[in-house]
Protein chains: 2
Amino acid sequence: MPAHTHRTAPTRYVEANGVRFAYRRFGQKSGDTVPLVFNMHLNGTMDHWDPAVTDGFAQNREVVLFDNAGISSTSGDVPTSVEEMAANAAAFIKALGLAEVDVLGFSLGGLVAQELAIAEPGLVRRLVLVGTGPRSGEGMGARYEKPDDLWLAVFFTLSERSQAAGRDYLKRFRLRTEDRDPEVSAKVAPAQIEALSKWGAPRDNPYAYLKDIHQPTLVVNGGSDVIVYTVNSFILQQHIPHAQLILYPDANHGSQYQYPPLFVRHVSTFLAGRDFG
Amino acid sequence: MPAHTHRTAPTRYVEANGVRFAYRRFGQKSGDTVPLVFNMHLNGTMDHWDPAVTDGFAQNREVVLFDNAGISSTSGDVPTSVEEMAANAAAFIKALGLAEVDVLGFSLGGLVAQELAIAEPGLVRRLVLVGTGPRSGEGMGARYEKPDDLWLAVFFTLSERSQAAGRDYLKRFRLRTEDRDPEVSAKVAPAQIEALSKWGAPRDNPYAYLKDIHQPTLVVNGGSDVIVYTVNSFILQQHIPHAQLILYPDANHGSQYQYPPLFVRHVSTFLAGRDFG
């Protein structure tokens, strides 16, 4: 039987915290890899991940996509705080029987991933933060991601090369035609935006919490992120005790979708941790 | 006959611009690689490069080390401007008969590399800027590197892990015992510091010149560089049109000596340019 891919992996369900979580799990474990759990951005479902990224990782490790509480195929309500979203993610991962995972979070999912790493130091081995920022980050709290038809504008820059990469991403994004996730309900965005606003609100010593992220961390972003300003990635690297930063050229909020093979190579090198951590 | 390495490559000489340049050239060309020319920091000679880095690159490409004018085994005087240093570097590369090279510059060598890329767009294919900064960068102009016995302090952080990596670097640094470069004369530092001061002096629109670097560029630094503050690497990435940034964790000015295999892997991926540029 051929191995499942992003396109063919069946949607499965697991109960935890009173929520029925929808997820897909695929990929070939090799060496000492642990599953890589993906945390999605605002208004996104499992089908918003790029198959070039997920299948890229699936060559050498298990990949777990899921809808957090209240999103698409998962039951329950979207909580109005990042902390509660992280608690739901932890419950989901434990319900799968996983004792140790690597965690990747994109944008809002990156805030959830930070909280998850702090709350569950034994569960989270390594952390990958993509297009995201710290509490009270620059320009955070007031901004939020725009709806689906603006992906080209928010994930890619205005350059011809970046826009072409964006059109390729949108094609890949639609490759899975069966058993797709439903788009999120109208209730999702307001709750997520409330959580984002709380996270982004000004406070004293906003970056102090980052010293509690003890996992080796890779921070990735486009050099021209207009949604979560790129400087926030620099701030994350400067304040997380053991963090590496990679910024890609001519790239906006969706840099991992612009350079998928390079992104997979960089993250895989980091997750293998041969050189530090 | 076995291929030469950092340790065994003979010092050779070539004349250009009225200067007799000392250089070493070794490594195996593979695929469409072009030679990688290294530009050294203040007070450094060819023997200050880390064999783990140079021999790492030499697996797949030709590596060229050289002393710029007035340094160690090379004749002439150290010019008091970065522009003149870059003109000497260009004359040296052309005297070798090379039509296209990749250029790596570390610290002061990174300033020379920027100028070289701008002045010689046809000669320089790709650019790697390590532990360096822009004109009028943050904290630049007033600071300079400290003498040899302080390498552990300026290249590495105070953490146990970084200091241990530093001691390993100092051992590798001394592996070449025959035909070593003489240490630089007392005339070198004052001229280099004058050039650094001119470069770092405040001016209007200091970063505007960076838009003239048309080569794909990789900027690398430690996340805690106390010699050329890390934020300067972020500034370079933000202003060079097609630049990628990598910052390493728990690393100071000598991050490439702290993580040599990872650095070689990242730079080699960039120089191969499969994904952009």
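The values are calculated or read from the model by the stated rules, or taken from the named source; none is laboratory data. Not measured: the values here are computed from a predicted model. Ideal geometry is used to build each Cβ from the backbone, glycine not excepted, and the neighbour counts take in all protein chains shown. We work out accessible area using only protein heavy atoms, side chains counted, and drop any ligands, DNA or RNA first. Shrake-Rupley method; radii C 1.70, N 1.55, O 1.52, S 1.80 Å.
Values computed for the structure shown
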item: The range B:28-41 residues that are in contact (Cβ under 8 Å) with a residue 24 or more places away in the chain and closer than 15 Å to B:Ser107 by Cα, paired with ones that are buried (at least 18 other Cβ atoms within 10 Å of the Cβ) and among the small types (Gly, Ala, Ser) (beta carbon under 7 Å, 6 or more apart); result: B:Asn39/B:Ala89; B:Asn39/B:Gly105; B:Asn39/B:Gly109; B:Asn39/B:Ala113; B:Met40/B:Gly109; B:His41/B:Ser107; B:His41/B:Gly109
item: Residues located in the range B:219-243, provided they are open to solvent by 10 Å² or more (accessible area, probe 1.4 Å), out of contact with any Leu (no Cβ under 6 Å at 6 or more places or on another chain) and not in a loop (DSSP other than H, G, I, E, B); result: B:Val231, B:Phe234, B:Ile235, B:Gln238
item: Tally, over the range B:17-50, of residues that are over 20 Å from B:Val154 (Cβ atoms) and out of contact with any Ser or Thr (no Cβ under 7 Å at 6 or more places or on another chain); result: 15
item: Every pair of residues 6+ apart whose Cβ atoms lie under 9 Å, when the first sits in the range A:238-251 and is more than 7 Å from every other protein chain (Cβ to nearest Cβ) and of a type outside the set (Gly, Ala, Ser) while the second is assigned to a strand (DSSP E or B) and crowded, with 22+ Cβ neighbours inside 10 Å; result: A:Ile240/A:Leu127; A:Ile240/A:Leu129; A:Ile240/A:Thr217; A:Ile240/A:Val219; A:Pro241/A:Thr217
item: Subset of the range B:106-127 (residues that are in a helix (DSSP H, G or I), among the small types (Gly, Ala, Ser) and within 16 Å of the chain's Cα centre (by Cα)); result: B:Gly109, B:Gly110, B:Ala113, B:Ala117
item: The range A:261-272, subset more than 7 Å from chain B (Cβ to nearest Cβ) and among the hydrophobic types (A, V, I, L, M, F, W, C), residue surrounded by the fewest Cβ atoms within 10 Å (Cβ to Cβ); result: A:Ala272
item: Every residue from the range A:222-237 that is farther than 18 Å from B:Gly273 by Cα and either more than 8 Å from every other protein chain (Cβ to nearest Cβ) or in contact (Cβ under 8 Å) with a residue 60 or more places away in the chain (or both); result: A:Ser224, A:Asp225, A:Val226, A:Ile227, A:Val228, A:Tyr229, A:Val231, A:Asn232, A:Ser233, A:Ile235, A:Leu236
item: Boolean, B:Arg24 is open to solvent by 30 Å² or more (accessible area, probe 1.4 Å), assigned to a strand (DSSP E or B) and in contact with a strand residue (DSSP E or B) (Cβ under 7 Å, 6 or more places away or on another chain); result: no
item: Selection within the range B:42-71 - more than 20 Å from B:Glu100 (Cα to Cα), open to solvent by less than 30 Å² (accessible area, probe 1.4 Å), part of a loop (DSSP other than H, G, I, E, B) and touching a helix residue (DSSP H, G or I) at 6+ places or on another chain (Cβ under 7 Å); result: B:Leu42, B:Asp50, B:Ala69, B:Gly70, B:Ile71
item: Qualifying residue in the range B:167-183 (condition: more than 9 Å from chain A (Cβ to nearest Cβ), in contact (Cβ under 8 Å) with a residue 40 or more places away in the chain and over 18 Å from B:Asp47 (Cα atoms)); result: no
item: Among (1) more than 9 Å from every other protein chain (Cβ to nearest Cβ); (2) among the polar types (S, T, N, Q); (3) over 26 Å from B:Tyr209 (Cα atoms) - the single one B:Gln258 does not satisfy; result: (1)
item: Qualifying residue in the range A:92-100 (condition: buried (at least 20 other Cβ atoms within 10 Å of the Cβ) and under 24 Å from A:Thr269 (Cα atoms)); result: yes
item: Some residue of the range B:175-185 being of a type in the set (Lys, Arg), assigned to a loop (DSSP other than H, G, I, E, B) and open to solvent by less than 10 Å² (accessible area, probe 1.4 Å); result: yes
item: Residue within the range A:258-269 that is β-branched (Val, Ile, Thr), under 20 Å from B:Pro249 (Cα atoms), outside any helix (DSSP H, G or I) and modelled with pLDDT of 95 or more present; result: no
item: Meets criteria (open to solvent by 60 Å² or more (accessible area, probe 1.4 Å) and farther than 17 Å from A:Gly133 by Cβ) for A:Pro202; result: no
